[in-house]
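Let me begin by presenting the structure, written as structure tokens, before commenting on it.
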Amino acid sequence: MLSGSGRVKLDDEILEIETHDAIRVAPSVTRAWEAGADGLELLAFGPRHEDDGEVVLDWWTGAIAPVDTPAGSAVRTECWRA
């Protein structure tokens, strides 16, 4: 993590993250990041392989809604799964 704080969901585990945390994610792990109040800046890198991932919609149902989201509105979440 370059700056900020937030949470990361790795499969079914949710972890609090902050500046200077390093996270290794195995290719088979479904993952998503959520910024905290001070934002979240991260650097992600790895090799690219053809057909190495897919978008999984509405996977993180416990994600925190953005401040400007009306109460009771659905929040769309997307993540990548290898």
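Annotations for the structure displayed:
- Residue that is among the β-branched types (Val, Ile, Thr), within 23 Å of residue 61 (Cβ to Cβ) and surrounded by fewer than 16 Cβ atoms within 10 Å (Cβ to Cβ), where the choices are 17, 23: 23
- Annotation: residue 61 fulfils all but one of (1) modelled with pLDDT of 65 or more; (2) over 16 Å from residue 8 (Cβ atoms); (3) not charged (D, E, K, R); the unmet one is (2).
- Residue within segment 7-16 that is touching an Asp or Glu at 6+ places or on another chain (Cβ under 6 Å) and assigned to a strand (DSSP E or B) present: yes
- Residue list for segment 17-41, restricted to those being within 23 Å of residue 55 (Cα to Cα) and part of a loop (DSSP other than H, G, I, E, B): 23, 24, 25, 26, 27, 28, 29, 30
- Screening residue 76 on (1) charged (D, E, K, R); (2) outside any strand (DSSP E or B); (3) modelled with pLDDT of 75 or more shows it passes everything except condition (3).
- Whenever a residue of segment 10-31 is without any contact (Cβ under 8 Å) to a residue 12 or more places away in the chain, its partners that are charged (D, E, K, R), lying with C-beta atoms within less than 7 angstrom and at least six residues away or across chains, give the pairs 15/7; 16/7.
- Residue check: residue 67 meets all listed conditions (1) in a strand (DSSP E or B); (2) modelled with pLDDT under 90 but one, namely (1).
- Yes/no for residue 46 being among the small types (Gly, Ala, Ser), farther than 17 Å from residue 15 by Cα and modelled with pLDDT of 70 or more: yes
The values are calculated or read from the model by the stated rules, or taken from the named source; none is laboratory data. Just so it is clear, the model here is predicted, and its values are computed rather than measured. In this analysis, Cβ positions are derived from the backbone assuming ideal geometry, glycine residues included, and neighbour counts consider all displayed protein chains.
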